[in-house]
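The structure under discussion appears below in the form of structure tokens.
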Amino acid sequence: METKEKSTKKSGFFLHSIKGRISILLLTCIIAVVAILLLLILPSVRNNMKRLTQNYLYDITVSAGDRVSLAASESDMETTLGIESLGDLIGNVGIKGIASSYAYAVGPDGTMLYHPTESKIGQLVENQVVSGIVSEIQSGKTNIEPQVVTYKFKGVTKYAAYYVNAGGDFILVISADEDEIMRPITR
């Protein structure tokens, strides 16, 4: 029985000993340092992830836009901008591993030429950024440089890159949801 009392006293003694207090202080400091590092590092990681994703979107959009323009120069614009042809050219374009990333094409009048959601084809574009580009094309602007933008659509923040061919015959847009891109970081 005396051994049990001694072991109970020793374990209770640890918390009140200098060794115990130093251990608790050390553990508290480690937790505080880790928390501070996370608070300092996560914003930087988010910014880097955002910039990297936007660079990917830009590169993919310019590449796919050039591919559609090349197909149009080898054939005719009307055939190339048909649903079937655009589906073959841009139907599988997007950032790999990001389900919300997809490509769509809009005509100079603002109607959807191609969209993965078939019911949107033939409808007017709802995206305000693309509507602005349509207005620029209709006002006669011909050299619209590819660009990456951030916007909200139905409450969801999206990244999108757009490409307008030299004649203003089509606008290619590739987008992705910010939440899905940042999900690994927020976890």
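The values are calculated or read from the model by the stated rules, or taken from the named source; none is laboratory data. Note that the coordinates shown come from a computational prediction; the quantities given were computed from them, not determined experimentally. When we count neighbours, we look across all protein chains shown, and the Cβ atoms used for this are built from the backbone with ideal geometry, even at glycine. We work out accessible area using only protein heavy atoms, side chains counted, and drop any ligands, DNA or RNA first. Shrake-Rupley method; radii C 1.70, N 1.55, O 1.52, S 1.80 Å.
Helix-only arithmetic for the chain: the sum of -39500 (n - 2.57) across DSSP H runs with n ≥ 4, divided by the residue total, places the mean residue ellipticity at 222 nm at -18500 deg cm²/dmol. With only the Cα atoms considered, the chain has a convex hull volume of 175 Å³ per residue. Between 0 and 90 degrees, the angle of helix 2-16 with respect to the longest Cα principal axis of the chain falls at about 50 degrees. Neighbours of Lys152 by Cβ distance under 13 Å: Lys/Arg scored +1, Asp/Glu scored -1, total -2. For trypsin sites (Lys or Arg not before Pro), the sites in the stretch 83-185 that DSSP calls loop and that have at most 13 other Cβ atoms within 10 Å are Lys96, Lys141, Lys154.
Report, in degrees rounded to the nearest 10, the 0 to 90 angle that the Cα long axis of helix 128-138 makes with the longest principal axis of the chain. Helix 128-138 sits at roughly 20 degrees to that axis.
Residues considered: Ile36, Ile98, Ile83. Largest GNM mean-square fluctuation over the chain, using C-alpha springs under 10 Å, is found at Ile36. Across the chain, the relative contact order, built from alpha-carbon pairs under 8 Å that are at least six residues apart, equals 22 percent. Calculated from the alpha-carbon coordinates, the stretch 99-176 shows an Rg and a Dmax of 11.7, 36 Å respectively. Distance from the Cα centroid of the stretch 11-64 to that of the stretch 122-156 is 38 Å (rounded to whole angstrom). Carbon-plus-sulfur accessible fraction, the chain (probe radius 1.4 Å, protein heavy atoms only): 59%.
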